[in-house]
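Notes for the one structure printed next.
The values are calculated or read from the model by the stated rules, or taken from the named source; none is laboratory data. The shown structure was predicted, so the numbers you read here are calculated from the model rather than taken from an experiment. With ideal geometry, Cβ positions are generated from the backbone for all residues, glycine too; neighbour counts draw on all protein chains shown. Surface accessibility is based on the protein's heavy atoms, side chains included, excluding ligands, DNA and RNA. Shrake-Rupley method; radii C 1.70, N 1.55, O 1.52, S 1.80 Å.
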Amino acid sequence: MDRRKIPEPIKREPGGESQTMTSKVKITTTQQNGRIHASSGSSWEGVIGYSRAVRVRDQIHVTGTVGVEADGKYSPSLAAQARRAFAIIASALEALGGKPADVVQTRIYLTDISKWKEVGEVHGELFGEIRPALTMVQVAALIDADAQVEIEVQAVIQTEDPRVA
């Protein structure tokens with residue numbers, strides 16, 4: 001049995017601000033059967049039959065997103081791939097009326113879990129103050145051999161008064 005030491009959590013300075021996810025990713029939306037679908041134009045969306053994100057009432061579900069650049073290539077940097085994936089995710093959230101602060105859960109799939117800290121730090125920069133639930137696991141491979149990370153999120157659109165469900 002492989003027993004790895006549990007890594008120390010990433011330390012953040014108290015009162016540190018979360019960075020904003022910014023993106024120039026083009027997202028289109030359509031409505032169907034009470035749902036709003038977001039598309040990033042990925043060639044896989046039509047072939048496999050999925051949406052980049054789907055909004056139903058106050059919930060947004062963003063599918064697993066890799067950090068592929070607009071030119072179809074991947075940065076060799078794991079952190080850069082994670083930032084690009086989060087930028088695509090942010091665009092999908094915004095297209096559906098959400099924002100990063102609405103994220104309640106993130107799931108991160110890595111091809112090499114020993115590099116967890118690189119992605120964890122990017123996640124912490126973006127969500128350090130938001131603090132969504134998080135799962136981070138290793139997978140054997142992703143849809144593209146050059147992809148090192150895939151990220152999915154779930155968001156719940158907040159009302160004006162966050163105490164009101």
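At least 1 residues being modelled with pLDDT of 95 or more and open to solvent by less than 40 Å² (accessible area, probe 1.4 Å) is the threshold, and among the strands (runs of 3 or more DSSP E) wholly inside segment 83-165 those reaching it are 103-110, 149-156.
Of the residues screened, Arg52 is one that is at negative phi and basic (Lys, Arg). In this structure, Glu69 does satisfy being more than 20 Å from Thr29 (Cβ to Cβ) and outside any helix (DSSP H, G or I). Among all residue pairs at least 6 apart or on different chains, which show Cβ distances below 6 Å where the first residue, located in segment 99-114, is at negative phi and the second is open to solvent by 50 Å² or more (accessible area, probe 1.4 Å) and among the small types (Gly, Ala, Ser)? Close Cβ pairs satisfying both conditions: Gln105/Ala133. Only residues that are within 14 Å of Phe86 (Cα to Cα), β-branched (Val, Ile, Thr) and open to solvent by 40 Å² or more (accessible area, probe 1.4 Å) were counted across segment 45-70, and they come to 1. Quick check on Leu134: is it touching a His at 6+ places or on another chain (Cβ under 8 Å) and either without any contact (Cβ under 8 Å) to a residue 12 or more places away in the chain or not charged (D, E, K, R) (or both)? The answer is yes for Leu134.
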